[in-house]
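Visitor: Take this structure first; my questions come after.
Values quoted throughout were computed directly from the atomic coordinates according to the rules given, and no laboratory measurement underlies them. Please read these numbers as outputs of a predicted model, since none were measured by experiment. So basically every Cβ, Gly included, is an ideal-geometry build from the backbone, and we count neighbours across all protein chains shown.
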Amino acid sequence: MVDEQKEEHTQPADLAFDNVLKDKEDVKASKAGQKTQETQDTKKTSSDTSSDRGVSPSRRTAKRTAKTIEGEKKEEQRTGRQKASQAEEAQGEGDKRDKRSSRRGSARRHSKEESDLIERVISNNRVSKVVKGGRRFSVSTLVVVGNGQGKVGIGTGKARETGEATRKAFTEARAHMIDVQLTGDKTIHHDMKGHFGAGKVVLRRAKRGTGIIAGGPMRAIFEALGVEDIVAKSIGSSNPHNMVRATLDALQKTSSPRQVGDRRNILFETPRTSSRATKRTKTKTK
């Protein structure tokens, strides 16, 4: 029994020793494989150098010149690509500059045109909207814009603040301007009626020195349009929106004698002075 126990104790020690020997052998084998690989590499390099040594110097120079020519070609291609890319970038920058200059020029023209416009605020109305959490207040603005030479437009805007609402209204009014034919005395050519919804207005031409005889919203339109002498009356709703749109309807209906002649295919001629007028002028000159 004692001998068997000794053998059992000695067996694991023998196994550990065998494992150590196996590891040493593996290390030696790996080192030998590395050495053989290095020797093979050195042989290849030596064979390459020997083959180069066997080549004549003329062939070596030919190879070198071919390599240099290829390198020069590649360098030329690179430089050409770089120049092309630089030219494209310069062209793109020039196009961008042209666009910027055109934008600046258009912005300057627009700013000049906008500076020449006459702007009037007709009404600022505080409105509210009922929502789930309570009431939401905002401002509704009605404005009129004109150049004082026969062009006028109206616009509305709505926002939380008065400034933002007026800005929106002015942009809308500038985008929707209409042309109105006026006489040389800065009045309309003939009387006209206009209506919009419940708003009704009557416009009558007036002689020089009469001035603008009209209510608040209508007066703002005539001032922006450039009318100096006119008589206007509102006989319908007093709502500023209806009055303004009815006034624009009446102004759009007016037409000059030349426009009437074009519609009727009649040649328009400037009216001649009467014989009495000529006699008076002659007597005055005498």
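Visitor: Find how much the distance from E119 to R167 grows on full extension, using 0.36 nm per residue of separation minus their present alpha carbon separation; answer in nm with one decimal.
Guide: Roughly 16.2 nm would be gained on extension.
Visitor: Separate question: Amide H to amide H, which residues 5 or more places from G226 or on other chains are under 5 Å from it, using H placed in the peptide plane?
Guide: G148
Visitor: A further question on this structure: Amide H neighbours of G199 under 5 Å, at least 5 residues apart or on other chains, H built in the peptide plane: list them.
Guide: S237
Visitor: Okay, moving on. When a/c reaches 1.5 or more, the comparison of a/b and b/c decides; with that in mind, is region 108-246 rounded, prolate or oblate per its Cα gyration tensor?
Guide: oblate
Visitor: Quote to one decimal, in nm, the extra length available between K132 and K83 on full extension: 0.36 nm per residue of separation minus the C-alpha distance between them.
Guide: So the extension gain works out to 11.1 nm.
Visitor: Also, quick follow-up: Full extension from Q252 to D179: what is 0.36 nm times the residue separation minus their Cα-Cα distance, to one decimal in nm?
Guide: In short, 25.5 nm is gained.
Visitor: Return S255, S234 ranked ascending by Cβ neighbour count within 10 Å, so the fewest neighbours appear first.
Guide: S255, S234
Visitor: What distance in nm separates the two pseudo spin-label positions at S238 and E72, each 7 Å out from Cα along the beta-carbon direction?
Guide: 9.8
Visitor: Cβ under 9 Å from G157's Cβ, G157 left aside: what net charge do those residues give with Lys, Arg +1 and Asp, Glu -1?
Guide: +1
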